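The values are calculated or read from the model by the stated rules, or taken from the named source; none is laboratory data. Quantities reported herein were computed from a predicted structural model and do not represent experimental measurements. Cβ placement follows ideal geometry from the backbone for every residue including glycine, while neighbour counts extend to all protein chains displayed.
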Amino acid sequence: MTPVIAEETHICTALGALFAYPTEAYPEDILTCRDQMRRLYPAAARALETFWQQMRQMEHGAREELYTGTFDLAPVCVPYVSVYLFGAENYKRSELMARLNDEYARRGFAPGSELPDHLGVLLRFLPCLPSDEQRELLHFCLRAPVLTMIEHLTKTANPYRHLLRAVQQVLQAMAEGNSHA
């Protein structure tokens, strides 16, 4: 694994982890991710810096409430990419999730307790794929849903819009084969 690919692997994994329910260490996790991406993705690192500035000012309970209101109960922004690809009530969602679960099992990837099409799970899975399959996942499953998620949150003052912008910038650079976006 080349150094750039190794760095991208760590960055995707760290970004994916930021879409999990926040722990007490969440602000430090944001900083760790930001620091990992500074060299390869400076614009994304700046978006994460803004995200960190807003999240660090909140108490832990407020971060939990924000996450729940953003991604969980009556969410402002659904974190499941298949909703954006096929609509909420479409059998193709089930087909995609079944195929993702098969791929996860085939590659020995543990998705955790989230549905297989959760953005955080897909970001953590992305580095497990060869580069041609990464490009397919980026093109067919990630880029358009992330842009739609950004549109949903741009209408609000929700700090997660900065995290999604960072993800979008990393995905764009990876799709273009450019690690200096």
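Worth a mention:
- Residue identified as outside any helix (DSSP H, G or I) and surrounded by 13 or more Cβ atoms within 10 Å (Cβ to Cβ) among P27, P111: P111
- Residue ID - nearest to Q36 (Cα to Cα), chosen from residues in region 1-12 that are surrounded by fewer than 18 Cβ atoms within 10 Å (Cβ to Cβ) and at pLDDT 70 or above: H10
- Candidates D132, D117, filtered to the one that is surrounded by 15 or more Cβ atoms within 10 Å (Cβ to Cβ), closer than 20 Å to I11 by Cα and charged (D, E, K, R): D117
- Among (1) over 19 Å from T9 (Cβ atoms); (2) surrounded by 19 or more Cβ atoms within 10 Å (Cβ to Cβ); (3) in contact (Cβ under 8 Å) with a residue 24 or more places away in the chain - the single one L85 does not satisfy: (2)
- For region 148-157, the criterion of being closer than 22 Å to E103 by Cβ and β-branched (V, I, T) is satisfied by no residue at all.
- Restricting region 13-24 to residues that are without any contact (Cβ under 8 Å) to a residue 40 or more places away in the chain and over 13 Å from V121 (Cα atoms), the residue that is surrounded by the fewest Cβ atoms within 10 Å (Cβ to Cβ): E24
- Consider region 74-94 and keep the residues that are assigned to a loop (DSSP other than H, G, I, E, B) and over 23 Å from I30 (Cβ atoms). The one that is modelled with the lowest pLDDT is A74.
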